[in-house]
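Trainee: Shown below is the structure under consideration.
The values are calculated or read from the model by the stated rules, or taken from the named source; none is laboratory data. Everything quoted here is computed from the prediction, not taken from an experiment. All Cβ positions, glycine included, derive from the backbone under ideal geometry; neighbour counts span all protein chains shown.
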Amino acid sequence: MTLLAFTALIALGSFVAGTVGALTGLGGGVIVVPLLTLALGVDIRYAVGASLVSVIATSSGAAAAYLRDGYVNLRVGLFLEIATTLGALAGGALGVWLSPDRVAVIFGIVLAVSAVLSLRAPARVAASASDRLAVLLRLGGRLPPVAGGDAYAVRGVPGGFALMFGAGVASSLLGIGSGAIKVLALDRVMGLPFKVSTTTSNFMIGVTAAAGAGVYLNRGYIDPALAMPVMLGVLAGSFLGARLLAQAPVARLRLVFAVVLWLLAAQMIYNGLTDHHV
Amino acid sequence: MSKTALDEARLERRLGALLRAGVLAAATLVLIGAALLLWQHGGERVSFAHFSGEPRALRHPLAIAADAASGSGRGLIQLGLLLLIATPVARVAFAAVAFWRVRDRLYLGVTLWVLAVLAFSLLGTR
């Protein structure tokens, strides 16, 4: 295939992946990596590098919108970025060390789990009082984020920190934003309000992915000719997806996409196990 | 404790603007590089099925800048991607300055630590 045809094909696929990623709330990465590897035969190492770059673009491009409303808990985000960036370094090292087949199998498992998580309704147990570490780190906030808003407490800092490290590993090993794991840590483990959890997760995704992308860039895993259509396509697609989100039948769409994601996950695992080319 | 309170809402708006500007600038560079690359090499046959790793000129910040300056499409795209990766890093640096200004030592320390990890990942051990 010529470079021109390949670029057009990848840009189109990435555009669809970005749209679906925004509609499901999973992000473009979990869809663009299987697309590149399964449908277009791209080596998973190149696919992960290109996907990480697109994750930074979508997270940062949408940042202005979610930072404007003030729901992001800045201290929680910045503090937990210690965990996600260290995890991302570890994940990058793991990605260099593991065979591509193993990475494909792990990707399939994480994809299947993410699909399940995207279907479950948020059911949080609000923290009644901040624990000592949270008080020391001044992690509490207000909702709505104004002087008269109700104060909310934060708990489970060590557990949230550990899970965030895992989110960092998954992000750079697999080229995904791992927003589902981040929201799990903030919402379920640390007891933050859901709106605060999702926006703070978004806020952290770019920095986490930047740590992973840095490792891949200087290891030579980021190919400009491949990353270019992936980044531009996913970015444009996610803007469209965010616009469609307001009028889309989200619950039904998520069910449909969850089935698609399970099929992709099964194919990734099968190919990884049977030594198919991934 | 901090002597002056940090205006979080203002800081958040600024961080948002910084991130958006970074993405816009990066996307513009990538688009210019893409036009150049496709113009010069659009007809060549490619495959990403076999992993071989990028040449050194497309790996390290200074080498990438030099390659881009020579007018290579690939170099320009890579410079755009490097700018994109640097955007969240700049966001952390910006927050560090804000915490330093209000003498919030705890969060100055937190942001500087994150900045150090990011620098390590981007510059590598060699």
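Trainee: Go through the range A:145-169 and give me each residue that's among the small types (Gly, Ala, Ser) and in a loop (DSSP other than H, G, I, E, B).
Mentor: Hits for the range A:145-169 are A:ALA147, A:GLY148, A:GLY149, A:ALA153, A:GLY156.
Trainee: Please go through the range A:215-258 and pick out each residue that is closer than 26 Å to A:GLY87 by Cβ and assigned to a loop (DSSP other than H, G, I, E, B).
Mentor: A:GLY220, A:TYR221, A:ILE222, A:ASP223
Trainee: Here are the criteria: (1) more than 7 Å from chain A (Cβ to nearest Cβ); (2) in contact (Cβ under 8 Å) with a residue 60 or more places away in the chain. Tell me which single one B:LEU15 does not satisfy.
Mentor: Every condition holds for B:LEU15 apart from (1).
Trainee: Let me ask another. Looking at the structure I just gave you, is A:LEU232 more than 22 Å from A:VAL20 (Cα to Cα), of a type outside the set (Phe, Trp, Tyr) and modelled with pLDDT of 90 or more?
Mentor: Against the criterion (more than 22 Å from A:VAL20 (Cα to Cα), of a type outside the set (Phe, Trp, Tyr) and modelled with pLDDT of 90 or more), A:LEU232 does not qualify.
Trainee: Here's something else I'd like to know. Output the number of the condition that A:SER54 fails; it satisfies all remaining conditions of (1) assigned to a helix (DSSP H, G or I); (2) at pLDDT below 90; (3) more than 9 Å from chain B (Cβ to nearest Cβ).
Mentor: If we test A:SER54 against (1) assigned to a helix (DSSP H, G or I); (2) at pLDDT below 90; (3) more than 9 Å from chain B (Cβ to nearest Cβ), just (2) comes out false.
Trainee: Also, quick follow-up: Would a scan of the range B:91-105 turn up a residue that is within 7 Å of chain A (Cβ to nearest Cβ), farther than 30 Å from A:VAL146 by Cβ and either part of a helix (DSSP H, G or I) or of a type in the set (D, E, K, R) (or both)?
Mentor: No, the range B:91-105 contains no residue that is within 7 Å of chain A (Cβ to nearest Cβ), farther than 30 Å from A:VAL146 by Cβ and either part of a helix (DSSP H, G or I) or of a type in the set (D, E, K, R) (or both).
Trainee: (1) touching a Ser or Thr at 6+ places or on another chain (Cβ under 9 Å); (2) surrounded by fewer than 24 Cβ atoms within 10 Å (Cβ to Cβ); (3) at pLDDT 90 or above; (4) not aromatic (Phe, Trp, Tyr): which one isn't true of A:GLY25, the others all being true?
Mentor: (3)
Trainee: Here's a follow-up. Scan the range A:25-48 residue by residue and report those that are hydroxyl-bearing (Ser, Thr, Tyr) and over 16 Å from A:ILE269 (Cβ atoms).
Mentor: Passing the criteria: only A:TYR46.
Trainee: Counting only residues that are more than 13 Å from every other protein chain (Cβ to nearest Cβ) and either of a type in the set (Phe, Trp, Tyr) or part of a loop (DSSP other than H, G, I, E, B) (or both), which one in the range A:259-278 is nearest to A:VAL16 (Cα to Cα)?
Mentor: Within the range A:259-278, the match that is nearest to A:VAL16 (Cα to Cα) is A:TRP262.
Trainee: Might you check whether a residue that is surrounded by fewer than 24 Cβ atoms within 10 Å (Cβ to Cβ) and on the phi < 0 side of the Ramachandran plot occurs anywhere in the range A:46-58?
Mentor: no
Trainee: From A:GLY212, A:GLY220, grab the single residue that is facing chain B (nearest Cβ under 9 Å), surrounded by fewer than 24 Cβ atoms within 10 Å (Cβ to Cβ) and small (Gly, Ala, Ser).
Mentor: The unique qualifying residue is A:GLY220.
Trainee: Does the range B:4-19 contain at least one residue that is surrounded by fewer than 18 Cβ atoms within 10 Å (Cβ to Cβ), over 29 Å from B:VAL97 (Cβ atoms) and of a type outside the set (Val, Ile, Thr)?
Mentor: Checking the range B:4-19: not a single residue is surrounded by fewer than 18 Cβ atoms within 10 Å (Cβ to Cβ), over 29 Å from B:VAL97 (Cβ atoms) and of a type outside the set (Val, Ile, Thr).
Trainee: Additional query: Quick one: how many residues across the range A:59-81 are hydroxyl-bearing (Ser, Thr, Tyr), more than 9 Å from chain B (Cβ to nearest Cβ) and farther than 14 Å from A:TYR152 by Cα?
Mentor: 0
Trainee: Kindly provide the set of residues from the range B:98-116 that are surrounded by fewer than 21 Cβ atoms within 10 Å (Cβ to Cβ), among the aliphatic types (A, V, I, L, M) and under 13 Å from A:GLU81 (Cβ atoms), ordered by number.
Mentor: B:LEU112, B:LEU115, B:ALA116
Trainee: Given the structure, is B:GLY43 outside any helix (DSSP H, G or I) and more than 7 Å from chain A (Cβ to nearest Cβ)?
Mentor: no
Trainee: Let me ask you something else. Could you please let me know if A:ALA65 is in a helix (DSSP H, G or I), aliphatic (A, V, I, L, M) and surrounded by 19 or more Cβ atoms within 10 Å (Cβ to Cβ)?
Mentor: It is false that A:ALA65 is in a helix (DSSP H, G or I), aliphatic (A, V, I, L, M) and surrounded by 19 or more Cβ atoms within 10 Å (Cβ to Cβ).
Trainee: Scan the range A:10-69 for residues that are farther than 23 Å from B:LEU18 by Cα and polar (S, T, N, Q) and report the count.
Mentor: 4
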